[in-house]
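What follows is a set of notes on a single structure, which appears directly below.
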């Protein structure tokens, strides 16, 4: 497979951008261990897309409603790529993996599963995750697995925008009113215990070598850039201990089951339903 | 889902002050001029450009976006439409075809 690069972060149906259909019909079957890694990436994007979708019709202004929905759709796109590719290893479709896996079979990190809270808390989560994802995808474009590299290349430009969106809001909330500053600072404290898990190396990722990106290798750049933006926004970098358990197993996730209940109910009650 | 803040989801301190209005101009491709695409609300100019990207360039890629505070636009008075925009009827001398070609002029 080859995927020509394209120069748009917004165009949805560029003639030569990678699509989930390309991956499904491209004939390349993901090696089992790469597929398991793709679940990490796909599940993170899927869970956050589901969380952000909640804001539709609830954001502070119509324009912000659309911005959050666009980000959610971008993430849903990333999830489709990764889950479709993972599915080729086991003869499963993206829908099989999204709707018919149980709680303990998901591999999402807990950060993306956390409740939206108020707008400040959501922006705090967006800042952490988009900065992490940017560092990840920026390196994944050099993956020795051509499909992972192509997906990262497509997704990277979108994540640049997600980063920018979160940064703009962090600055405005941090430097805005006393109320906005308090809320976004609270949001950062709420989310911070789940930061460590993002950078947790495990046996699977270590065994993949240059096909994957070692999470711990992203930490220094993440820490430096986050410190810069929080400093600019006049916000404190939370110093809190990481939450217990950090292996994406879901064993210590309080939220995952609630998200899946809502996300999967339709597909499970009406298998094969189409719009 | 168990979100417990249904009544105050904005997190913006409950201020009811609306964001100011901005007019958006999009240039769809090189060589063309910016064309008015619509308007939007945003807290400041930087966010207005970003919102414009989401609202007006999502499907039909633009190469450039301008935003202008709506209050900076001075408009013609809708009540004096007649005076401003009266048709050119009866003013045929405004059109090139009114004039006859001088003898010997080529390539017209």
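Peptide A:62-68 has a mean shielding of 6, counted as Cβ atoms of other protein chains within 10 Å of each residue's Cβ. Packing here is the average count of other Cβ atoms within 10 Å per residue, and on that basis the peptides B:90-103, A:185-198, A:43-56, highest first, run A:43-56, A:185-198, B:90-103. In angstrom, the C-alpha Rg and Dmax of region A:99-183 are 15.8, 48. Compared with the dominant principal axis of the Cα atoms in chain A, helix A:32-53 is inclined by about 50°.
To the nearest 10 degrees, how steep is helix A:62-87 against the longest Cα principal axis of chain A, on a 0 to 90 scale? Around 30 degrees separate the two axes. Counting, for every residue in A:114-127, the Cβ atoms of other protein chains within 10 Å of its Cβ and taking the mean gives 3. Of A:234, A:174, A:250, the residue with the greatest mean-square motion in the GNM of chain A, using alpha carbon springs below 10 Å, is A:234.
Remark: relative contact order (region A:157-235) = 40 percent; criterion is Cα-Cα distance under 8 angstrom and separation of 6 or more residues.
Kindly put A:156, B:32 in sequence by how many other C-beta atoms sit within 10 Å of each C-beta, fewest to most.
Arranged by neighbour count, lowest to highest, A:156, B:32 become B:32, A:156.
Quick one: check the C-alpha center-to-center distance for region A:207-275 versus region A:73-104, whole angstrom. Here the answer is 17 Å between Cα centres. The mean sequence separation of alpha-carbon pairs under 8 Å and at least six residues apart, normalised by the residue count of region B:18-72, gives a relative contact order of 46 percent.
With N as its number of residues, the protein assembly as shown has a Cα radius of gyration that, divided by 2.2 N^0.38 Å, comes to 1.20.
Read-outs: derived from the displayed coordinates by stated rules, not from any lab. Remember, predicted model here, so these are calculated numbers, not experimental data. Note that we place each Cβ from the backbone using ideal geometry, even for glycine, and neighbour counts take in every protein chain shown.
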